[in-house]
Amino acid sequence: MQRFETGRQAALALRPDHPVYCFRPSVLAADTRAFLQNFPGKTAYAVKTNGESFVLATVAKAGVTAFDVASPAEFAAAREVAPAAEQLYMHPVKAQSDIRLALESYGIRTLALDHPDEFEKIHRVVQAFDVDPGAVSLFVRIATRGAAAYELSKKFGAAPKEAIELMQRVHRQGYRVGICFHVGSQVEDADTYGSAIATAAQVRAQAKVPLVGLDVGGGFPAPYGRDPRGSQRPVPDPVSLIGEIGRDLERHGFTDLPIVAEPGRVIVARSLSVIVRVMLRDGKRLYINDGIWGSLSDSWTGRITLPARLIPDPARRRRAGKAGVLDDFRICGVTCDSVDILSRPFWLPETVDTGDFIEIGHIGAYSLSLRTRFNGFYPDRFVEVSHPFEDDRDGLEGFANVETWGEVAPEPLSGQDG
Ligand SMILES: *Cc1c(COP(=O)(O)O)cnc(C)c1O
């Protein structure tokens, strides 16, 4: 990858007409280490959040020794960069042939489930391959409720009564038993974890089987953008959120058990930005060369405001408006359908115009894995950038409505007219 200090330098040097991703390995390593240092248990990076090999390799190099995987492609991706790392197969509903591959070829010995029929599938494979059930840990996923930007608890998870029966059955057959949950993604209040931990404690007390661990899943929030006119609550700082989770674990008597987390977004979100180009400005609409079907699908739910910074094209000499005044622009994506309009505006200087570049920050989570080839567009060019997205202050005309953890963004920077 070509290297630059900032996204702005990359944009001005390359003048790209198609999206370019800026990968920030030092930011990824720092965010990985911050999680590892603060979480009181095992950290299994959730490969689905961003499974690019350069991401997995950076995460492994920063100290992650376990991966949360869900498919044969993810087993292979994790093994390729970290052959000695442990893999946790936490998808609750699996193909039997994938279970076989996991146990036989990848040596996976930790799996999740939430239904007796899934247990039968696993048990058949274990018997067929003469694996000792006592070497296999089965984590029963419990259903939880709560508020996340992405609510993911509707699809998976057993109700307490079913979970208890399943745990007892798994135990009777000689397996090691754990409890897991996953509260959703971009969870912005600690109570969501607190109530899931309380449910896990009830289930544990009633199941009365020995446990090998509690897996609290992912969902830890990453910082995103801030609508300058909105009254959004700041995103909780993951360190204090982890602290609260630790107190909940203590309160519910889980300090005797190994704890596992499966963070994705909180580790990888800040590590990538994308440089897009304004192909056309029409009033307060900006038509850009990326969109919902490309790198920006993660803003779909409307709950995430992406931070955006204008990088004016120096070739454009004349501009209307004042660079220091922000306005909200509707962002239309590159494909030929009206789904491809971002649900939230970008706040940019009113001077923005056709030909300008925009660096969209904190897209490391889910953006690359959810890209499609719809309409023939598929952003796939990468450069390496050393400075964090929020540190680029070398031009005065940009504005990044970026949220830093626990506090709101720096004030808009005033700029020069072109
Ligand atoms: C998606 C997923 C994760 C990662 O979630 P983040 O919100 O990105 O931290 C962890 N565990 C499971 C089971 C998941 O499905």
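The values are calculated or read from the model by the stated rules, or taken from the named source; none is laboratory data. Model, not experiment: these values are computed from the prediction. Reconstructed Cβ throughout: ideal geometry from the backbone, glycine too, with neighbour counts over all protein chains shown.
Looking across the range 22-41, the residues that are away from the ligand (no atom under 13 Å from the Cβ) and in contact with a strand residue (DSSP E or B) (Cβ under 7 Å, 6 or more places away or on another chain) come down to Cys22, Phe23, Arg24, Pro25, Leu36, Pro40, Gly41. For the range 53-69, the criterion of being within 16 Å of the ligand (Cβ to nearest atom), among the hydrophobic types (A, V, I, L, M, F, W, C) and more than 20 Å from Gly364 (Cβ to Cβ) is satisfied by no residue at all. State yes or no: is Ser299 crowded, with 19+ Cβ neighbours inside 10 Å and among the polar types (S, T, N, Q)? Here the answer is yes, as Ser299 does meet what is asked.
The residue that is surrounded by the most Cβ atoms within 10 Å (Cβ to Cβ), among those in the range 38-93 that are polar (S, T, N, Q) and assigned to a loop (DSSP other than H, G, I, E, B), is Asn50.
Thr372 fulfils the conditions (1) more than 21 Å from Gly225 (Cβ to Cβ); (2) part of a strand (DSSP E or B) except for a single criterion, (2).
Considering the range 219-326, the qualifying strands (runs of 3 or more DSSP E), each wholly inside and each with 2 or more residues that are away from the ligand (no atom under 16 Å from the Cβ), run over 272-282, 285-288, 308-311. A count restricted to the range 95-145 and to residues that are more than 16 Å from the ligand (Cβ to nearest atom), in contact with a strand residue (DSSP E or B) (Cβ under 7 Å, 6 or more places away or on another chain), within 24 Å of Lys208 (Cα to Cα) and not in a helix (DSSP H, G or I) stands at 2. In the range 257-268, the residues that are more than 16 Å from Val27 (Cα to Cα) and at pLDDT 95 or above reach residues that are of a type in the set (D, E, K, R) and within 6 Å of the ligand (Cβ to nearest atom) with C-beta atoms within less than 8 angstrom, at least six apart or across chains, in these pairs: Glu262/Asp68.
Checking each residue in the range 183-199 for being within 14 Å of the ligand (Cβ to nearest atom) and among the hydrophobic types (A, V, I, L, M, F, W, C) picks out Val183, Val187, Ala196. For beta carbons closer than 6 Å, sequence separation of 6+ or different chains, a first residue in the range 239-252 that is surrounded by fewer than 18 Cβ atoms within 10 Å (Cβ to Cβ) and a second that is not charged (D, E, K, R), the qualifying pairs are Val239/Asn38; Glu244/Ala190; Gly246/Pro40.
Out of curiosity, is Ser369 within 27 Å of Val47 (Cβ to Cβ), of a type in the set (Gly, Ala, Ser) and away from the ligand (no atom under 16 Å from the Cβ)? For Ser369, the condition - within 27 Å of Val47 (Cβ to Cβ), of a type in the set (Gly, Ala, Ser) and away from the ligand (no atom under 16 Å from the Cβ) - is not met.
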